[in-house]
1. Ranked highest first by the average count of other Cβ atoms within 10 Å around their residues, in what order do 205-213, 154-162, 100-108, 39-47 fall?
2. Please report how far the C-alpha centroid of segment 92-131 lies from that of segment 258-314, rounded to the nearest whole angstrom.
3. Can you list the HN-Hα couplings for segment 276-285, worked out from phi with the Karplus curve (6.51, -1.76, 1.60; θ = phi - 60°), rounded to whole Hz and with x for Gly and Pro?
4. What value does segment 4-308 have for Rg/Rh, both radii from Cα atoms and Rh as Kirkwood defines it?
5. Per residue and in cubic angstrom, what volume does the convex hull of the Cα atoms of segment 25-150 have?
6. How far is it, in nm, from the label point at Val306 to the one at Ser107 when both lie 7 Å from their Cα along the line to the Cβ?
7. What is the packing order of peptides 193-200, 269-276, taking the mean over residues of other C-beta atoms within 10 Å and listing the highest first?
8. Quick one: which residues, 5+ away or cross-chain, put their amide H under 5 Å from the amide H of Gln75? H built at 1.01 Å from N.
Amino acid sequence: MINSYHHISAIAGDIQKNIDFYTNILGLKMVKMTVNFDDPSTYHLYYGDEVGSPGTLITFFMWPNGEKGRQGIQQVNSISLKIPKSAIAYWVERFTQKNIKYTLPISRFGEKFISIKDFDGLNLELVGVEGIEDLKTYAKSDVPEEQAIRGIYGSTIWAESLEVTELIIKKLLGWEKVKNDKDDGTSDFIHRYRIGGDNPYFLEIRDTHDFWEGEGGLGTVHHIAFGVETDKHQEEVREMVKNEGLMPTYSVDRKYFHSVYFREPGKVLFEIATNGPGMTIDESAEKLGKKLQLPVPLEKIRKQIVDSLPTISF
């Protein structure tokens, strides 16, 4: 029933720097400017492809006065984004020109990737992937379309106990373990799982049981969301999670999708999100991200919310 990532949400501090990094450096489209529905005094921004397709979305809760987080176990450590394999050299040159620190391309599971950090210290990877040239992207940035990011490729969890997290990944969510032939020197401590068909998604678990615990804050991932097609599919997954004793929430209406949350045994926050209604429910594809959008119950206090939020430009 899980067919992809839906989105990955992280925490950022300076909203203008966040916008500049993800639109001007990575070339993504801001597809939704809204507020944290649980704390409408702060922004919630979404970046993705032309129409904000599930599987392309990276979102940020803005904590302008937040403390820096600490990456460690019981946490998602990094987000991987897919680019055409032929685009690796382009991105090395782009990061050089933009003064963004990066690692030289290295291999893991036979794939070349570049590691960078955003302005809050969030770990990101750009992975060169074959056969993705026809996937949707955002054609109106200054990144040439043939070199552009094609959405989420994967994420990496730092786990205290591989076995308990792996059980949930495989048994409840349907991820298949990928054989590690170690022909590229990939560590025994990294375990990879995949889901999807011709253009799969990946999840990696790094066995780091002797490492320190992570702390949420700026530059850390808040949660990862997996996509399902319908509310019915979501409820079926929720029941399986509940039967495993993991205490999922009831479905929550997030306007653009419906969400169920639970913590897997390793304490990472997972979300099961429906692929619809989608980002264009309240604005056209051409106008996505241009205006602050609010859930209906908050429209009556729009002026109060707008007056409390910082001014931004993009």
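Computed from the coordinates by the stated procedures, all read-outs in this text should not be read as laboratory data. This is a predicted model, so every value here is computed, not measured. FYI the Cβ positions are ideal-geometry reconstructions off the backbone, even for glycines, and counts take in every protein chain you see.
1. 154-162, 39-47, 205-213, 100-108
2. Each part's Cα centre sits 28 Å from the other's.
3. x, x, x, 6, 8, 5, 10, 7, 6, 4
4. 0.94
5. Convex hull of Cα atoms, per residue: 136 Å³.
6. So the two model labels end up 5.5 nm from each other.
7. 269-276, 193-200
8. Trp158
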